[in-house]
Every structure is written in structure tokens, then in C-alpha cells.
1. Using 0.36 nm per residue, how much length does the chain from residue 69 to residue 152 gain when fully extended, once their Cα-Cα distance is taken away?
2. Taking only Cα atoms, what is the 0 to 90° angle, nearest 10, from helix 69-96's long axis to the longest principal axis of the chain?
3. Could you calculate the contour length gain from residue 105 to residue 319, that is, 0.36 nm times the residue separation minus the distance between their Cα atoms, to one decimal place in nm?
4. Taking neighbour counts of Cβ atoms within 10 Å as a proxy for exposure, in what order, fewest first, do 139, 164, 244 appear?
5. Would you mind ranking 136, 162, 232, 123 by Cβ crowding within 10 Å, fewest neighbours first?
6. Round to a whole angstrom and tell me the spacing of the C-alpha centers of segment 308-333 and segment 229-280.
7. Using just the alpha carbons, could you tell me how many Å³ per residue the convex hull of segment 235-361 encloses?
8. Which one of 266, 85, 71 has the biggest mean-square fluctuation once the chain is modelled by GNM with Cα springs under 10 Å?
């Protein structure tokens, strides 16, 4: 029996699972010579992101059909899972040195941040603010046209509008928040009710996120990412730089901002939190560090096999950094410039450990020649 190449099998599988036509964002067809490790990693992470947002849409629908504290908590938990899954795929794009396919003209319908919560719903001091209290017809086309149309902080698509409505800007307690999504009794047809608007808005936002995430699973876009990662892998110096740059951009740069503003806001009052309500930033950084060390190091630098002592030291450094990041996640009230500085030192130690891999390899090769 003839065996098909792995990338063709992946393509046949994608053809059976892809959603609506995405011709506006398709990349040109590519013939990829990617390693199996790259193919599996890209396919797994992209499909996981798409599946997770589909599950999130279902969880949101369940909550809106039965708006209670436990269904709200389930939707929040799935939001966190979905956003973390997306962030792990985003690491692959960072390593490939390319923009994700949904980002067009500096606007991102999946992960635009920060946003102004009051643009969507009421916030402290403004009890009737946002789209929830406006009379503009709520339609998917309106949300697409409005997204970052006049201000980058005016987000009506993606993870963070969904986050804003699930958590809320005033009282985030599930038993209170869920009541704001309970349909009123009989109302005259023309009478306005914010709860109905809020329900419609959240349902459309969850649907839109699932729709927009589908583009990363389009087969040609996955091939484009595989191709870019293969180009990185073909040049060990570039691969090492991609790994260390990802650690700097996704972890150290963010920690530097926290070290300077440990109260969680800039001097202009903007939050440092990527997810200002769910506050999963440090957990996401920990997951990305785990992937840098546990997945992408061996995938992009397969020939830079460290000796047992070096491998053990790298593992210890990666573990120490992830533990420290998760401590910030679990106890955000204890964040200080000092504790963030300690975490930055761990990130720097891991980066230096990674940078030490290639010179030793190059020196041994030169000695052999």
C-alpha cells in the first residue's frame, strides 16, 4: 500500500474540516519540506486553537440559555483555556517571524488589546454606557465594521470583548454578573432592555471569535507557517535567535514593564494586563516558556543536542522561571518590583543558557574540520 507524505495527509484532513470560504486571507499554495515535528506542532496548535474557540462558543451559549453562576464560571474557564491555547499558537508565529493571518492593516479581530470596557458595557461611574445601552442595531456586520474603526481601543471583535462581558467592569461575582444576562419577563415589543442587548452582544461576539479563528486553520495558512518555521530551522543561528527573541519579546519585555509599574498600570492609567479581567498573563507566559524549552528548542535546533549536564541546567532554569511566573499568577496581590526583578533574572539566566548552546556546537564542528 502506498503511503502518502505527511503534509498531504494533513491537507486531506484539513479539507474535510475547514469552515466557510476564507479566500480574502488565503496564502498562496506552498510546497513545504517541513520536518514532521514542525508539521505536527503547527497542526496540533492551530487545530487546538480552533477547537477551543468552538467550545467557548458552546459554553457561552449554554450560559446564555441558563444564566446562572455555575454556567458563567464554566464559560469563564473555557475563555481562559481558549485564550491560552491561542497564545501558544501565537508563540509559533513569533518564532517564525511572521504575522498571524488574521492581522490585517494593524487591526486584529482575534486578540486586539487593550480595550476600553466602557465602549461595550457599563463601567464604574457610567451606569448606562457602551453598545449595550445604545440603540444601534446589533448585527455581525456592524461589529465587523466598528472594530477598531475610529480608535484602536474600541474593540468589538475577539477574545477581549468576550472577556469584558463575561467578567464585567463593576461587580464580577458570578452570582451577581449572571443576573445581568437573565431575560426579563414580558415586555412591550418596543421597550428597551439592557439585558436582552447584552445577551445578543455576547452571543454575537462568541460566534464572531469562532468565525475569525477559523482562518488560522485554513490549510494554506498552516502551510505558510510550516514553511516559515522550516526556513528558521534551516539556519541554526536564526533558529537560536528566534528562540531567544521570543523569550525576550513575550516574557522579559513584559516583565520589564511590570518591574517599572508593579501596581499594574502605566503612568497614563492604562492597564499592563493583557487580560485585564481574567488576569491570566503570567500563566500564559509560563506556558510559552514551557513550549520554548520543551517543544520548540528540539524542533528548531534538532542538532544542538546538549550534554546531560547542560540539558539538566536548562531544564532547571526553565522550571524555575515557570514556577516564578505562576507564583505571580496565583498571588497577584504580592507583585512588587522586587519579585518581578527576581523573575526577570531567571528569564535572563534561561536566555543565556540557550545562547550558550550554539557556540559550543560550532566550536566542535570547526575542531572536526
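A short reminder: the numbers here are calculations on the coordinates, not readings from a lab. Source: prediction; values computed, not measured. Here the Cβ positions follow ideal geometry from the backbone for every residue, glycine too, while neighbour counts run over all protein chains shown.
1. On the way: separation 83, 0.36 × 83 = 29.88 nm, distance 3.22 nm.
Here the segment from residue 69 to residue 152 would lengthen by 26.7 nm.
2. Value to nearest ten degrees: 40.
3. Working: separation 214, 0.36 × 214 = 77.04 nm, distance 3.77 nm.
Fully extending the segment from residue 105 to residue 319 adds 73.3 nm.
4. Working: 139 11, 164 25, 244 18.
Sorted ascending by nearby Cβ count, the order is 139, 244, 164.
5. Details: 136 9, 162 26, 232 23, 123 17.
Placing the least packed residue first, the sequence is 136, 123, 232, 162.
6. Segment 308-333 and segment 229-280 have Cα centres separated by 16 Å.
7. Numbers: hull volume 12.9 nm³, N = 127.
In segment 235-361, the Cα convex hull volume per residue is 101 Å³.
8. Checking each option, the largest mean-square fluctuation is seen for 266.
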